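In what follows, a structure is listed as structure tokens, so that the remarks can point back to it.
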Amino acid sequence: MSAQLPFSEDELPAYLAGLGLLSTGEPALVERAGEGNINWVRRVRSSARERSFIVKQARPVLERFPEYRVSTHRIEVEARWYATVSRFDRDRVCPHVHHFDAQRMALVLEDLGAAEPLDAWLARGADASHMAATLGTFLGAVHAGTRDPALASQFDNEEMRRLHGEHIFVLPFRANDFPLAPALRRRADALASERELVQRIDAAYARYLESALALVHADVQPTNVLVAASGPKLLDAEIAHLGDPAFDVGQLAGHLWLRAFARGEPRAAAPSVRALWSAYCEALDGALAVGFADALVYAGIEMLRRTLGAAPVAELSRDEIALRVIDAGRAWVLRPPAHPSLL
């Protein structure tokens, strides 16, 4: 996308009218939608017909982190993800795509309105087993159905894959200036000196970078899941690539667990993680050999980086809770359970 083609809020109603989604001259309200960490995202709400749409545009610099310049190709990858996985989406986990604009590198998506983000839903202590199972079924079907090496060229997304990977596997475990509380800084320094732990994290990063077993979403975290009346909706596939299926499952499992820690109920996550894994394996149906222990290593790393990295989970602001999450994440990296019954 040319840097000279960014959308302005004022032009969006006419743009959608040109696509036939609004009437010409129809009054509409334009507002920010979501956090918009990576892309420019706006909601366009028609006041006349009570219709609304999400417009998402990739720009050369990341929306919340302008120090990073990343190819706008990422939104083409996301559009291709939605098109590719649609045939496996029995439960309509993905939002409907109204239009992809290859010139302006933009997506027009279904607006899920007042659907609650899964992280807020989990913070209330709601039972996540059904949500986890639905997502597990979807991920298993996608992974089983996309074992085609030819997809690698269609999802050549190495820039986003590595940028994401550096923030997960590298930066939290090397010298950094992240604004950590003193107790967490001491714990981070101690972990960085644990040779076996760092070696295992480095090995997981190599697997994340080198694996090309199936198409992965690569950012299955609760902030990218909305809880609609019809069930969970998975968004933001701009990091999708042909990779390691265990990463998708492990990342979600790690968030289910750490948010249970944040509520002071760590054992409450076990049923959700078991439901996730059971549904995933049933949908996978033996098409791939994905190990529970491999997924739990990724989960443990996610728990560590969400307490010690650049994108901490707000619910873990209390040191004593964060330190318990760190202990659990470390244990999973070093000695991951081989089966959900051992959780």
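The values are calculated or read from the model by the stated rules, or taken from the named source; none is laboratory data. Worth saying up front: this structure is predicted, and the values here are computed from it rather than measured. Heads up, the Cβs are rebuilt from the backbone with ideal geometry, glycines too, and the neighbour counts pull from every protein chain shown.
Of everything listed in (1) free of Cβ contacts under 8 Å to residues at least 60 places away in the same chain; (2) under 30 Å from Val216 (Cα atoms); (3) out of contact with any Gly (no Cβ under 7 Å at 6 or more places or on another chain), the single unmet condition for Ala14 is (2).
Comparison of Arg74, Arg42 shows that the only residue that is modelled with pLDDT of 90 or more, under 28 Å from Leu163 (Cα atoms), in contact with a strand residue (DSSP E or B) (Cβ under 7 Å, 6 or more places away or on another chain) and not assigned by TED's automatic domain parsing to the domain that holds Ala229 is Arg42. The criterion of being among the aliphatic types (A, V, I, L, M), in the same structural domain as Asp244 (by TED's automatic domain parsing), over 29 Å from Ala237 (Cα atoms) and surrounded by 14 or more Cβ atoms within 10 Å (Cβ to Cβ) does not hold for Leu171. Based on this model, can you work out whether Ala293 counts as surrounded by 20 or more Cβ atoms within 10 Å (Cβ to Cβ) and assigned to a helix (DSSP H, G or I)? In short, no.
Only one entry of Ser341, Ser272 meets the criterion of being assigned to a helix (DSSP H, G or I), of a type in the set (S, T, N, Q) and surrounded by 15 or more Cβ atoms within 10 Å (Cβ to Cβ), and that entry is Ser272. A single member of Thr72, Thr84 is in contact with a Phe, Trp or Tyr (Cβ under 9 Å, 6 or more places away or on another chain) and either among the polar types (S, T, N, Q) or surrounded by fewer than 20 Cβ atoms within 10 Å (Cβ to Cβ) (or both), and it is Thr84.
Where helices (runs of 4 or more DSSP H) fall entirely within segment 121-173, those with at least 1 residues that are basic (Lys, Arg) and either in contact (Cβ under 8 Å) with a residue 60 or more places away in the chain or more than 27 Å from Ser71 (Cα to Cα) (or both) are at 158-165.
For segment 193-208, indicate whether the set of residues that are under 29 Å from Ala106 (Cα atoms) and of a type outside the set (S, T, N, Q) is non-empty. There is at least one residue in segment 193-208 that is under 29 Å from Ala106 (Cα atoms) and of a type outside the set (S, T, N, Q).
Those strands (runs of 3 or more DSSP E) of segment 1-79 in which at least 3 residues are closer than 14 Å to Leu107 by Cα, considering only elements entirely within it, cover 40-46, 52-57. Close contacts from segment 253-265, counting a first residue that is at pLDDT below 90 and a second that is among the small types (Gly, Ala, Ser), with Cβ to Cβ under 6 Å and a gap of 6+ residues or different chains, come to Arg263/Gly125.
One line per residue, one yes/no per condition, for (1) modelled with pLDDT under 95; (2) in a helix (DSSP H, G or I); (3) touching a helix residue (DSSP H, G or I) at 6+ places or on another chain (Cβ under 8 Å); (4) of a type in the set (A, V, I, L, M):
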{"site": "Leu288", "(1), (2), (3), (4)": "no, no, yes, yes"}
{"site": "Ile301", "(1), (2), (3), (4)": "no, yes, yes, yes"}
{"site": "Arg305", "(1), (2), (3), (4)": "no, yes, yes, no"}
{"site": "Pro312", "(1), (2), (3), (4)": "yes, no, yes, no"}
{"site": "Ile321", "(1), (2), (3), (4)": "yes, yes, yes, yes"}
{"site": "Ala331", "(1), (2), (3), (4)": "no, yes, yes, yes"}
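Comparison of Ala218, Ala204 shows that the only residue that is among the aliphatic types (A, V, I, L, M), within 24 Å of Arg259 (Cα to Cα) and not in a helix (DSSP H, G or I) is Ala218. When Met105 is tested against (1) on the phi < 0 side of the Ramachandran plot; (2) surrounded by 14 or more Cβ atoms within 10 Å (Cβ to Cβ), exactly one condition is not met: (1). When Ser211 is tested against (1) polar (S, T, N, Q); (2) touching a residue at least 40 places away in the same chain (Cβ under 8 Å); (3) closer than 18 Å to Glu158 by Cβ, just one condition goes unmet, and that condition is (2).
Residues that are in contact (Cβ under 8 Å) with a residue 12 or more places away in the chain and of a type in the set (A, V, I, L, M) were ranked within segment 176-192; the one that is surrounded by the most Cβ atoms within 10 Å (Cβ to Cβ) is Ala188.
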